[in-house]
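Below: one structure, written as structure tokens.
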Amino acid sequence: MKRTLGVCYYPEHWPEAQWAEDAARMAEAGLTWVRIGEFAWSRMEPRPGVLTFDWLDRAIATLGAAGLRVVLGTPTATPPKWVVEKHPDMLAVDAQGRPRGFGSRRHYCFSHQGYREESRRITRLLAERYGRNPHVAAWQTDNEYACHDTVLSYSDAARRGFRDWLAQRYQSPDALNRAWGNVFWSMEYDDFSQIDLPNLTVTEPNHPHILAFRRYSSDQVVAFNRVQTDEIRKCSDAPIIHNYMGRVTDFDHYAVGADLDIASWDSYPIGFLSDRIEVSDAFKLRFLRQGHPDNQAFHHDLYRAVGAMRGGLTPSTGRWWIMEQQPGPVNWAPFNPAPLPGMARLWAWEAFAHGAETVSYFRWRQAPFAQEQMHAGLLRPDSAPAPALAEAAQVAAEIETLPEVGTAQARVALVFDYVSAWAWEAQPQGRDFDMFRLAFAVYRALRRAGLSVDILHPDTADLGHYALVFAPGLMTVSDPLRAALSRFGGIALIGPRSDTKTAELSIPLPLGPNIPGLDVSVVLAESLPPIADVPLEGGGRFLHWVEHLEGSAPVLRRTAAGEPAIMGDRLRYLAGWPDDDTLFAIVTGLCAEAGLPALDLPEGLRIRDTATHRFVFNYAPEPQAWNGVTIPAAGVHWEALA
């Protein structure tokens with residue numbers, strides 16, 4: 001499949017006389033796709049039942065006449081004021097019991113059945129009108145589920161829905177009481193109607209109560225999305241997409257992905273570095289205008305896995321896009337520097353090297369009004385080219401000259417689990433324990449070693465293609481993965497904090513992990529403050545988290561105090577959270593055992609192997625050498641694989 005570029009466009013923001021010129025300029029720049037409509041409900045239906053699709057008809061026709069393909073978004077992320085007035089209790093409620101009001105976006109509660117039906121209705125109307133339109137070649141549901149902390153709602157609708165969900169899951173209050181351990185502190189219930197939401201308690205709510213509400217809330221996102229995909233599929237054969245976000249674990253992206261044809265995500269590397277990644281100030285300064293060298297790649301690999309959930313694809317071949325790619329300064333981060341020249345090109349090529357079908361820039365023209373007026377586009381507000389337009393055109397020209405590179409089956413895999421992220425948020429035990437942060441630490445070590453990585457669903461049942469598998473921080477190891485590990489012929493490094501709880505967030509008996517072929521038990525866990533560490537024998541250290549192990553499995557590494565740090569043989573358990581250099585040493589040692597070549601890439605230089613080419617990306621602010629080639633700052637180099 002040929003790689004393509006796109007852009008996000010808002011015809012309702014601009015005079016209609018300008019549309020044709022914009023479309024022609026998009027095509028001239030080499031863009032193929034245009035996403036429209038996802039925020040335009042008030043222009044589609046300004047009053048209840050008053051449909052004004054004529055302008056949208058003309059916009060789609062104008063874009064299509066220029067040879068552009070349209071991604072049509074459902075507008076449910078921004079219900080108009082009249083919808084809120086019709087359903088005043090549809091607003092989400094925060095953990096302090098305050099309604100989250102009208103005046104920006106995402107002002108709805110996923111549990112509200114009345115709003116869900118309004119969303120079904122507007123989606124059905126769009127699908128009936130445009131489902132066979134030759135220019136509408138893909139659909140997007142809603143926009144950025146979970147943005148602005150909107151998955152968890154403590155509304156009356158959520159309370160009613162949660163009680164019903166609990167009744168279906170547990171069948172009886174007695175079963176729920178046993179599962180949650182409610183005998184503790186006399187928290188037992190006689191009826192599901194007694195159960196409230198896990199907020200506004202005197203001290204922390206019971207952890208399985210929190211986890212159950214996280215599961216319920218995620219299920220509401222899945223159900224809300226499915227309402228839309230069901231309506232679209234009745235009228236259209238075009239692929240359906242949702243645009244996920246970076247470092248968001250509020251709902252199960254895999255479960256939503258099962259109802260989509262393509263996963264996409266919105267990539268804002270500089271904004272994410274500013275407020276979503278734990279790094280030093282010196283690191284932030286060095287990569288201020290480039291973003292973290294591993295953050296985009298991690299999400300590319302994650303959403304490739306999410307894009308494999310429908311259609312029997314593999315984590316190496318899942319379908320995915322970038323729906324929004326940062327072209328310049330954004331408006332929403334604490335600080336918003338401009339990208340280093342060349343980064344709009346580098347980010348696009350890195351996405352393609354990880355298997356992206358399309359990279360779509362946000363947005364075409366910078367808006368001169370409202371909340372996002374400081375967010376750059378490919379054009380300035382006066383329609384003059386912004387710096388990223390030339391870089392996008394360069395990528396479009398390069399796509400024409402570079403043969404299809406395809407994706408390759410990785411030899412290394414990392415298991416990532418959203419439920420575990422919720423579990424450790426419910427019961428962190430250490431203030432800085434975070435599932436994403438732990439998984440990302442492992443991923444960074446793998447990238448530093450020059451490895452291409454597949455990210456796996458926690459229910460993965462086949463590990464046969466991999467030489468190394470990493471499973472950090474899994475609350476439980478699922479039965480399919482447990483069976484796959486027992487059959488696995490490579491080396492698997494499990495832990496820390498893996499398979500040490502039940503699905504209800506209790507301590508299992510016998511103590512975990514309970515994985516056939518790995519005779520190890522975690523008998524005590526410690527969380528460490530930032531001022532403390534646990535030195536390892538021979539060098540290295542654990543930070544954040546350390547566990548005490550027992551069992552008959554061989555001890556492969558010890559702490560300086562003589563306690564087991566890694567135990568096992570083919571299956572191994574890691575008893576702590578290594579610092580970056582220690583984790584890198586562990587990774588390279590495992591590579592040597594598994595017969596995988598490993599590098600030690602300099603900071604900022606990263607590679608990705610495809611089926612036919614090796615891509616080298618320089619995130620550093622200065623030139624770097626690679627195999628006799630000097631790659632400039634923000635530069636991309638590719639070479640054919642032998």
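Exactly one condition in (1) out of contact with any helix residue (DSSP H, G or I) (no Cβ under 7 Å at 6 or more places or on another chain); (2) not assigned by TED's automatic domain parsing to the domain that holds LEU511 is not met by GLU563; state its number.
(2)
Given the criterion part of a helix (DSSP H, G or I), without any contact (Cβ under 8 Å) to a residue 12 or more places away in the chain, out of contact with any Lys or Arg (no Cβ under 8 Å at 6 or more places or on another chain) and of a type in the set (A, V, I, L, M, F, W, C), identify the matching residue among ALA24, ALA17.
ALA17
Given (1) surrounded by 24 or more Cβ atoms within 10 Å (Cβ to Cβ); (2) among the charged types (D, E, K, R); (3) in contact with a helix residue (DSSP H, G or I) (Cβ under 7 Å, 6 or more places away or on another chain), where does ARG497 come up short, assuming only one miss?
(3)
Could you tell me whether any residue of region 506-521 is within 25 Å of PHE272 (Cβ to Cβ) and surrounded by 23 or more Cβ atoms within 10 Å (Cβ to Cβ)?
Step one: filter region 506-521 for residues within 25 Å of PHE272 (Cβ to Cβ), giving none.
So far as region 506-521 goes, no, none of its residues is within 25 Å of PHE272 (Cβ to Cβ) and surrounded by 23 or more Cβ atoms within 10 Å (Cβ to Cβ).
Anything in region 170-186 that is without any contact (Cβ under 8 Å) to a residue 60 or more places away in the chain and surrounded by 14 or more Cβ atoms within 10 Å (Cβ to Cβ)? List them, or say none. Let's see the steps before the verdict.
Residues of region 170-186 without any contact (Cβ under 8 Å) to a residue 60 or more places away in the chain: 170-178, 182-186.
Correct list: TYR170, PRO173, LEU176, ASN177, ARG178, ASN182.
Has region 522-531 got at least one residue that is assigned to a strand (DSSP E or B) and more than 31 Å from the chain's Cα centre (by Cα)?
Yes.
Restricted to region 1-33, and to residues that are among the aliphatic types (A, V, I, L, M) and within 23 Å of GLU350 (Cβ to Cβ), which residue is modelled with the lowest pLDDT?
MET1
Hey, does region 72-84 have a residue that's surrounded by fewer than 23 Cβ atoms within 10 Å (Cβ to Cβ), farther than 23 Å from ARG363 by Cα and free of Cβ contacts under 8 Å to residues at least 12 places away in the same chain?
no
Looking at (1) assigned by TED's automatic domain parsing to the domain that holds VAL359; (2) touching a strand residue (DSSP E or B) at 6+ places or on another chain (Cβ under 8 Å); (3) not charged (D, E, K, R), find the lone condition where ILE122 falls short.
(2)
Please verify whether ALA333 is assigned to a loop (DSSP other than H, G, I, E, B) and surrounded by 15 or more Cβ atoms within 10 Å (Cβ to Cβ), treating the condition exactly as stated.
Values: assigned to a loop (DSSP other than H, G, I, E, B): yes; surrounded by 15 or more Cβ atoms within 10 Å (Cβ to Cβ): yes.
Yes: the conditions hold for ALA333.
State whether the residues of region 243-251 include one that is of a type in the set (Val, Ile, Thr) and out of contact with any Leu (no Cβ under 7 Å at 6 or more places or on another chain).
Within region 243-251 (the criterion being of a type in the set (Val, Ile, Thr) and out of contact with any Leu (no Cβ under 7 Å at 6 or more places or on another chain)), the answer is yes, since at least one residue qualifies.
Scan region 484-517 for residues that are part of a loop (DSSP other than H, G, I, E, B), out of contact with any Asp or Glu (no Cβ under 9 Å at 6 or more places or on another chain) and not hydrophobic (A, V, I, L, M, F, W, C) and jot them down.
Residues satisfying the conditions are GLY489, GLY490, SER498, ASP499, LYS501, THR502, GLU504, SER506, PRO510, PRO516.
State yes or no: is PHE283 within 30 Å of THR401 (Cβ to Cβ) and aromatic (Phe, Trp, Tyr)?
no
Has region 124-132 got at least one residue that is touching a helix residue (DSSP H, G or I) at 6+ places or on another chain (Cβ under 6 Å) and farther than 17 Å from TRP41 by Cβ? Even if it seems obvious, please write down each step before you answer.
From region 124-132, those touching a helix residue (DSSP H, G or I) at 6+ places or on another chain (Cβ under 6 Å) are 124, 127-128, 131; that's our starting set.
Then drop every residue that is not farther than 17 Å from TRP41 by Cβ, which leaves 131.
Checked region 124-132: at least one residue is touching a helix residue (DSSP H, G or I) at 6+ places or on another chain (Cβ under 6 Å) and farther than 17 Å from TRP41 by Cβ.
So ALA356 passes all but one of these: (1) surrounded by fewer than 21 Cβ atoms within 10 Å (Cβ to Cβ); (2) touching a residue at least 24 places away in the same chain (Cβ under 8 Å); (3) of a type in the set (Gly, Ala, Ser). Which condition number does it fail?
Of (1) surrounded by fewer than 21 Cβ atoms within 10 Å (Cβ to Cβ); (2) touching a residue at least 24 places away in the same chain (Cβ under 8 Å); (3) of a type in the set (Gly, Ala, Ser), only one is false for ALA356: (1).
Here are the criteria: (1) farther than 25 Å from ALA138 by Cβ; (2) touching a Cys at 6+ places or on another chain (Cβ under 9 Å). Tell me which single one TYR361 does not satisfy.
Single failed check for TYR361: (1).
Name the single residue, out of those in region 91-114 being in contact with a Leu (Cβ under 9 Å, 6 or more places away or on another chain) and within 16 Å of ALA77 (Cβ to Cβ), that is surrounded by the fewest Cβ atoms within 10 Å (Cβ to Cβ).
Out of the qualifying residues, it is GLY101.
On the basis of being surrounded by 23 or more Cβ atoms within 10 Å (Cβ to Cβ) and either in a helix (DSSP H, G or I) or not assigned by TED's automatic domain parsing to the domain that holds ASP252 (or both), does HIS544 make the cut?
Against the criterion (surrounded by 23 or more Cβ atoms within 10 Å (Cβ to Cβ) and either in a helix (DSSP H, G or I) or not assigned by TED's automatic domain parsing to the domain that holds ASP252 (or both)), HIS544 qualifies.
Mind listing whichever residues of region 131-159 are over 16 Å from the mean Cα position of the chain (by Cα), among the hydrophobic types (A, V, I, L, M, F, W, C) and closer than 23 Å to MET323 by Cβ?
Within region 131-159, VAL136, ALA137, ALA138, TRP139 meet the criteria.
Taking region 4-30 as the region of interest, how many residues are surrounded by fewer than 22 Cβ atoms within 10 Å (Cβ to Cβ) and within 23 Å of the chain's Cα centre (by Cα)?
Of the residues in that region, 1 qualify.
Answer yes if at least one residue in region 31-54 is within 27 Å of the chain's Cα centre (by Cα) and among the small types (Gly, Ala, Ser), and no otherwise.
Yes, there is a match, as at least one residue in region 31-54 is within 27 Å of the chain's Cα centre (by Cα) and among the small types (Gly, Ala, Ser).
For region 125-149, what are the residues that are part of a loop (DSSP other than H, G, I, E, B), surrounded by fewer than 22 Cβ atoms within 10 Å (Cβ to Cβ) and not aliphatic (A, V, I, L, M)?
Of everything in region 125-149, those that are part of a loop (DSSP other than H, G, I, E, B), surrounded by fewer than 22 Cβ atoms within 10 Å (Cβ to Cβ) and not aliphatic (A, V, I, L, M) turn out to be GLY131, ARG132, ASN133, PRO134, HIS135, GLU144, CYS147, HIS148, ASP149.
Go through region 408-443 and give me each residue that's surrounded by fewer than 24 Cβ atoms within 10 Å (Cβ to Cβ), farther than 26 Å from THR612 by Cβ and charged (D, E, K, R).
Residues satisfying the conditions are GLU425, ARG431, ASP432, ASP434, ARG437.
Condition first: on the phi > 0 side of the Ramachandran plot, at pLDDT 95 or above and not in a helix (DSSP H, G or I). Can you find one or more residues in region 84-98 that meet it?
Within region 84-98, one or more residues are on the phi > 0 side of the Ramachandran plot, at pLDDT 95 or above and not in a helix (DSSP H, G or I).
May I ask you to list the residues in region 466-483 that are hydrophobic (A, V, I, L, M, F, W, C), free of Cβ contacts under 8 Å to residues at least 40 places away in the same chain and in a helix (DSSP H, G or I)?
ALA483
Taking the condition among the charged types (D, E, K, R), outside any loop (DSSP other than H, G, I, E, B) and either surrounded by 20 or more Cβ atoms within 10 Å (Cβ to Cβ) or touching a residue at least 40 places away in the same chain (Cβ under 8 Å) (or both), does GLU404 pass?
Working: among the charged types (D, E, K, R): yes; outside any loop (DSSP other than H, G, I, E, B): no; either surrounded by 20 or more Cβ atoms within 10 Å (Cβ to Cβ) or touching a residue at least 40 places away in the same chain (Cβ under 8 Å) (or both): yes.
Spelling it out, it is not the case that GLU404 is among the charged types (D, E, K, R), outside any loop (DSSP other than H, G, I, E, B) and either surrounded by 20 or more Cβ atoms within 10 Å (Cβ to Cβ) or touching a residue at least 40 places away in the same chain (Cβ under 8 Å) (or both).
The values are calculated or read from the model by the stated rules, or taken from the named source; none is laboratory data. As the structure is a prediction and not an experimental result, all values here were calculated from the model. Glycine also receives a Cβ, built like all others from the backbone with ideal geometry; neighbour counts cover every protein chain displayed.
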